[in-house]
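Taking it in order: structure first as structure tokens, then the write-up.
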Amino acid sequence: MRLIIQTAVGRLLSLATCSFLFIVTPAAVAGEPIDARYFGIHLHRSDTTTAWPYVRFGSWRLWDTGVDWAKLEPTRGQWRFEKLDRFMAQAETNGVEPLLTLAVTPTWAAARPHEPFVYGAGGASEPRDLADWERYVRAVANRYKGRLHYLEIWNEPKYGDIEPTKGAFFSGTAKNLVDMACTAQRVARAVDPDIRIVGPGFTGAGDRLERFLAAGGGRCIDVVGFHFYAATPEKMRERIHDVRQIMQRQGAAHLPLWNTEQGYEIVGPHARIPGNLGYEVADEATEAAFIVRSLVLGADAGLSRFYFYSWERLLDKNSQPKQGAKALATSIRWLRQARIADCRESAKIWVCGLERAGRKAWLVWSARGEQSWRPPAVWSVTAFEPLEGAGGKVTGEVTIGAAPVLLKREASAWLP
């Protein structure tokens with residue numbers, strides 16, 4: 001990060017004229033502090049090869065960890081809880097909230113047992129008999145009563161009656177999903193009234209979510225789940241708005257909204273969007289910048305939780321943290337227990353005001369490349385913290401780019 005001392009009037013005046021749009025005082029309009037559980041991750045192999053993360057996350061989605069239904073009950077009535085027991089113990093030891101995804105039908109219980117699926121034949125099928133699903137939910141709820149408070153209904157469903165489902169995680173109908181959600185809620189609550197049901201983690205434009213809610217799913221869930229994969233964090237924000245409109249239309253606007261999966265994959269200079277598999281980025285620096293921007297924009301848009309996919313993707317072949325892991329850690333330090341006043345954009349410059357315990361700061365980035373920019377005088381900023389490298393004093397203009405920089409009034413570290 002470098003400070004700009006120059007006074008090139010023409011260019012800097014044009015940039016300064018947009019600065020007046022960002023004089024919102026954070027304390028005046030800030031919402032609730034960002035809870036530690038907002039920062040969720042996917043952690044796949046913490047019982048074997050992955051060391052427990054050093055980042056201070058608060059929630060853990062147990063998906064792609066080998067504890068789905070087919071793994072827990074490979075044969076009717078024969079349960080294998082050893083792996084899930086280890087994960088639950090780790091969650092408790094480290095003070096994180098686990099979310100278990102109820103999904104992947106065992107072949108013996110599947111309505112279409114010969115249907116191909118990457119996790120085993122019939123795994124994307126709804127259960128042939130809801131009584132088997134009931135026993136599964138009841139077994140999980142009983143074993144972890146008082147310890148497991150959130151159960152999620154499936155992962156990234158599609159509907160076999162209206163769209164191609166080759167390679168999909170679910171190939172049943174919206175009615176199947178609603179029946180499964182309502183059954184899970186009834187059975188789990190009978191065991192533990194404190195259990196909450198998270199709706200299916202849908203992807204795409206939101207039409208599948210709308211069909212689920214229209215079929216009655218909203219009455220049997222406590223949280224709306226969605227996977228907000230998008231080309232940029234700013235596009236993710238637009239998708240959150242679209243999903244909230246669907247919730248409003250379908251009478252579910254009162255429910256919390258969680259981003260139960262989102263992440264990035266580094267593929268080199270020819271990055272593109274590969275359907276619903278995730279968003280590809282060109283390099284580590286872009287991934288790091290997107291992580292911070294996604295987390296702050298998600299919180300500003302009212303998401304209650306954001307589960308990053310995944311911790312293992314943020315480690316190199318020697319299990320050392322890459323730029324993205326450091327960006328996740330910095331994001332949590334910057335945002336945990338902070339109140340977000342407002343996130344605004346002008347001329348592709350984004351500003352998010354923060355307030356914590358009476359102290360104020362601002363996250364600023366440019367969506368159009370590196371440029372110099374002058375913070376409004378009313379902010380009275382004196383120091384900056386970049387995402388990478390050492391910070392310093394602010395004496396005039398600053399250089400901003402794709403990675404957010406923290407501008408603050410105090411020279412000391414911005415700590416929760």
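The values are calculated or read from the model by the stated rules, or taken from the named source; none is laboratory data. From a predicted model like this one, the values you see are computed outputs, not experimental measurements. With ideal geometry, Cβ positions are generated from the backbone for all residues, glycine too; neighbour counts draw on all protein chains shown. Please note that ligands, DNA and RNA were not included when accessible areas were found on the heavy atoms of the full protein model with its side chains. Shrake-Rupley method; radii C 1.70, N 1.55, O 1.52, S 1.80 Å.
Taken over segment 172-186, residues that are among the polar types (S, T, N, Q) and crowded, with 22+ Cβ neighbours inside 10 Å amount to 1. For segment 220-241, the condition holds for no residue, the condition being that it is modelled with pLDDT of 95 or more, under 21 Å from residue 150 (Cα atoms), open to solvent by 50 Å² or more (accessible area, probe 1.4 Å) and of a type outside the set (A, V, I, L, M, F, W, C).
Note on segment 41-67: residues that are hydrophobic (A, V, I, L, M, F, W, C), part of a loop (DSSP other than H, G, I, E, B) and open to solvent by less than 20 Å² (accessible area, probe 1.4 Å) total 5. Scanning segment 364-381 for residues that are over 21 Å from residue 335 (Cβ atoms) and either surrounded by fewer than 16 Cβ atoms within 10 Å (Cβ to Cβ) or under 25 Å from the mean Cα position of the chain (by Cα) (or both) turns up 368, 369, 370, 377, 378, 380. Would you confirm whether or not segment 324-337 contains a residue that is of a type outside the set (Lys, Arg), in a strand (DSSP E or B) and either farther than 18 Å from residue 415 by Cα or open to solvent by less than 40 Å² (accessible area, probe 1.4 Å) (or both)? No, the conditions are met nowhere in segment 324-337. The set of residues from segment 229-263 being under 18 Å from residue 213 (Cα atoms) and touching a residue at least 60 places away in the same chain (Cβ under 8 Å) comprises 240, 241, 258, 260. Screening 16, 70, 27 for residues that are modelled with pLDDT of 95 or more, of a type in the set (A, V, I, L, M), open to solvent by 20 Å² or more (accessible area, probe 1.4 Å) and farther than 16 Å from residue 295 by Cα leaves exactly one candidate, 70.
Any chance you could count how many residues in segment 341-363 are open to solvent by 40 Å² or more (accessible area, probe 1.4 Å), under 18 Å from residue 233 (Cα atoms) and not small (Gly, Ala, Ser)?
4
Please specify each residue of segment 93-105 satisfying the condition of being assigned to a loop (DSSP other than H, G, I, E, B) and either over 21 Å from residue 199 (Cα atoms) or open to solvent by 30 Å² or more (accessible area, probe 1.4 Å) (or both). Result: 95, single match.
Residue-wise test of (1) closer than 29 Å to residue 313 by Cβ; (2) in contact with a helix residue (DSSP H, G or I) (Cβ under 9 Å, 6 or more places away or on another chain); (3) in a loop (DSSP other than H, G, I, E, B).
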residue	(1), (2), (3)
205	yes, yes, yes
218	no, yes, no
243	yes, yes, no
248	no, no, no
254	no, yes, yes
259	yes, yes, no
288	yes, yes, no
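Just a yes or no: is a residue in segment 292-301 outside any helix (DSSP H, G or I) and modelled with pLDDT of 95 or more? The answer is yes; a qualifying residue exists. Please determine whether any residue of segment 367-378 is under 22 Å from residue 284 (Cα atoms) and hydrophobic (A, V, I, L, M, F, W, C). For segment 367-378, residues under 22 Å from residue 284 (Cα atoms) and hydrophobic (A, V, I, L, M, F, W, C): present. Residue count for segment 382-416 satisfying the condition of being closer than 17 Å to residue 331 by Cβ, part of a loop (DSSP other than H, G, I, E, B) and not aromatic (Phe, Trp, Tyr): 12. Pairs linking a residue in segment 345-357 that is within 16 Å of residue 384 (Cβ to Cβ) to a residue that is among the polar types (S, T, N, Q) and part of a strand (DSSP E or B), with Cβ atoms under 7 Å and 6 or more positions apart or on different chains, are 349/366. What are the residues in segment 207-219 that are of a type in the set (A, V, I, L, M) and open to solvent by less than 30 Å² (accessible area, probe 1.4 Å), if any? Answer for segment 207-219, where residues must be of a type in the set (A, V, I, L, M) and open to solvent by less than 30 Å² (accessible area, probe 1.4 Å): 209, 213. Take the conditions (1) in a helix (DSSP H, G or I); (2) within 30 Å of residue 412 (Cβ to Cβ); residue 313 misses just one of them, which is (2). Across segment 310-330, the number of residues qualifying as under 23 Å from residue 63 (Cα atoms) and polar (S, T, N, Q) comes to 3.
Filter segment 109-131 down to the residues that are open to solvent by less than 50 Å² (accessible area, probe 1.4 Å) and either among the basic types (Lys, Arg) or under 17 Å from residue 67 (Cα atoms) (or both) and list them by number. Of everything in segment 109-131, those that are open to solvent by less than 50 Å² (accessible area, probe 1.4 Å) and either among the basic types (Lys, Arg) or under 17 Å from residue 67 (Cα atoms) (or both) turn out to be 109, 117, 120, 121, 122, 123, 124. For segment 155-177, filtered to residues that are hydrophobic (A, V, I, L, M, F, W, C) and closer than 19 Å to residue 68 by Cα, the residue that is modelled with the lowest pLDDT is 168. Only one of the numbered conditions (1) modelled with pLDDT of 95 or more; (2) in contact with a Cys (Cβ under 7 Å, 6 or more places away or on another chain) is not met by residue 347, and that is (1). Only residues that are within 26 Å of residue 307 (Cα to Cα) and open to solvent by 40 Å² or more (accessible area, probe 1.4 Å) were counted across segment 187-206, and they come to 5.
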